[in-house]
1. Among all helices in the chain defined by DSSP H, which have a length of 24 Å or more along the axis from Cα atoms plus a Kyte-Doolittle mean of at least -1.0?
2. Taking the DSSP beta bridges in the chain as the whole, what percent of them are antiparallel, to the nearest 5?
3. At most 15 other Cβ atoms within 10 Å and a DSSP loop assignment: could you name the chymotrypsin sites (Phe, Trp or Tyr not before Pro) in the stretch 407-441 that fit?
4. Would you calculate a helix-derived [θ] at 222 nm for the chain, using -39,500 (n - 2.57) for each DSSP H run of n ≥ 4 and dividing by the full residue count, to the nearest 500?
5. Determine, from the Cβ-Cβ distance of S309 and L244 and an R0 of 30 Å, the FRET efficiency 1/(1 + (r/R0)^6), rounded to the nearest 0.05.
6. Sticking with the crude label model, points 7 Å out along Cα→Cβ, report the distance from D438 to T298 in nm, one decimal please.
7. Could you rank M164, M427 by how accessible they are, 1.4 Å probe, largest area first?
8. Compute, for K429, the solvent-accessible surface of its heavy atoms (probe 1.4 Å) with the complete set of protein chains present, and express it in square angstrom to the nearest 10.
Amino acid sequence: MRVRLSQVAIAAGVALNLLLLLLYWRWGAPPPASCRVPRAVPGVTVVLFAAESSEASDALGTSRSFAALPVPVLLVAEVAPYPPISLPLGVSLLRLRPAPEGPPVRPELHVRTRHVAFVPDGARAVPGLLERMRDVLEDGDGDNGKIRVVAAPVGPEPPRCREMRVDARGWTVYYGPSVPAVPSGGPGDVCGALDGPSVLLLRTRDLFSLPFPLAQPAATALFVQASLRRWRLRVLPVPFPASLRPPLSPHERWKTSNLAQNRHRRLMDELGVKREALADGADRWYGCTKATPRCFGTVHARTPQYLLSGRWTPPCCLRALRETARHVVATLEGSGVRYWLEGGTLLGAVRLGDIIPWDYDVDLGIYREDVGKCRWLAAAAAGTPVEDDEGFYWEKAPEGEFYRVHFSRANRLHVDLWPFYSRGGTMTKETWLGHPQDVEFPERFLRPRVPVPFGGFTAMGPNSPREFLELKFGAGAVENPEYPNPGVRRLRQDLGGTGRG
């Protein structure tokens with residue numbers, strides 16, 4: 001029987017398909033090239049962050065300078081630069097803001113080298129300096145392996161080093177004083193953060209282990225995230241040149257400064273920072289103005305959402321609560337309304353002289369018969385919410401027979417006013433919300449009331465405050481802090497099992 005050539009070809013094709021199927025079954029199919037993270041190769045990818053203002057940007061000159069080394073250059077921007085620019089060979093654009101009709105942004109797929117360098121707009125390349133930075137990172141991995149970033153300044157101004165500490169639980173970044181980063185003749189200092197423009201080099205795997213790898217402003221974002229991981233950076237004394245550009249017009253300086261401030265504010269919001277404590281003692285706040293909503297939503301089971309994340313009350317909220325409490329106390333005293341610190345607020349006053357760090361409101365008791373003495377309270381009691389002369393908002397609480405004074409109409413941080421009355425020498429009230437500390441107590445604790453330091457001012461409290469608190473919360477309440485609802489979350493979960501505040 002003669003075998004035709006066509007039959008041989010068909011048989012060979014079937015055999016090849018069977019072989020491919022066997023290999024697929026044995027080792028599995030490789031992932032599609034578009035979904036596979038490329039294996040890192042030696043070298044450095046330059047990530048250039050273009051200035052938002054086209055007049056202030058020198059992205060084209062900077063990208064040309066570094067692409068000439070040659071190294072791959074990635075121009076990073078929220079959207080494509082406008083007016084459009086023609087990118088040099090070896091430079092690609094990564095738009096961080098995805099288009100709804102386009103693919104998701106996957107910046108890690110655009111960096112194929114083992115190291116990456118953040119380069120600010122306006123820097124100029126120096127042959128061999130990126131490689132030197134890489135060698136310092138790999139060869140000088142001292143300080144118990146905490147050196148994860150190597151920096152080199154940009155321009156003639158010497159860099160300045162500062163320490164940085166991030167308190168995630170307290171929503172705060174603390175900045176240390178700024179000192180010269182590189183002593184004269186020294187090998188390079190070790191810092192937590194750096195003031196002034198600089199090129200920052202790190203391993204690609206470290207960069208993309210961060211939750212916000214390309215957040216901007218890039219240096220600040222990297223320093224905050226590095227501080228949370230206790231990474232350190234080493235500063236080289238050799239600078240990159242800065243481009244020579246004509247000075248900006250006054251309008252352009254204002255525009256550039258305004259854009260930078262807005263970007264910094266957006267970054268702080270993204271990183272969950274509500275306060276920056278500066279080295280000179282000043283603070284920069286993010287959130288909790290009278291025009292902004294409260295930083296957290298409805299509180300369920302006496303446990304605000306941030307507490308479930310291992311965070312305490314945002315410091316801007318504590319500041320607004322102190323301001324509201326001070327205003328309410330002054331208003332009540334000026335109207336002749338008898339009041340006293342109640343519940344967890346008194347507990348914070350006795351324990352700390354302040355609001356408990358995880359508390360979300362302030363509680364005051366008042367004599368019910370005194371409500372009519374204060375015009376704002378009287379209006380609230382009549383069912384008419386009212387905004388007072390300083391923008392605080394007084395209303396009757398929807399949950400029952402008590403009152404709330406909010407920081408503002410928009411910002412619902414508040415002081416609760418609980419109207420008690422005496423019945424046979426026992427202080428009682430109409431509304432009970434089922435809180436463990438929500439109990440009647442002898443009126444003798446209020447005869448007399450005594451001054452108590454609280455939140456930077458002096459308020460009135462019960463006499464024998466410790467006895468009063470142990471009646472409310474149980475023995476040892478002052479010495480043994482705990483979250484409002486231990487059944488949902490306990491304090492020791494956030495204090496390493498010590499159970500102490």
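The values are calculated or read from the model by the stated rules, or taken from the named source; none is laboratory data. What you see is a predicted model, and the numbers here were worked out from it, not measured in a lab. Note that we place each Cβ from the backbone using ideal geometry, even for glycine, and neighbour counts take in every protein chain shown. Just so you know, the surface numbers come from the protein's heavy atoms only, side chains and all, with ligands and any DNA or RNA stripped out. Shrake-Rupley method; radii C 1.70, N 1.55, O 1.52, S 1.80 Å.
1. What comes out of the filter, once short or polar helices are dropped, is 5-27, 315-335.
2. Within the chain, antiparallel bridges account for around 60 percent of the total.
3. When the chymotrypsin sites (Phe, Trp or Tyr not before Pro) of the stretch 407-441 are filtered for loop state and at most 15 Cβ neighbours within 10 Å, W432 remain.
4. Helix-only estimate at 222 nm: -8000 deg cm²/dmol.
5. 0.05
6. 1.6 nm
7. In descending accessible area the options line up as M164, M427.
8. Accessible surface of K429 is approximately 10 Å².
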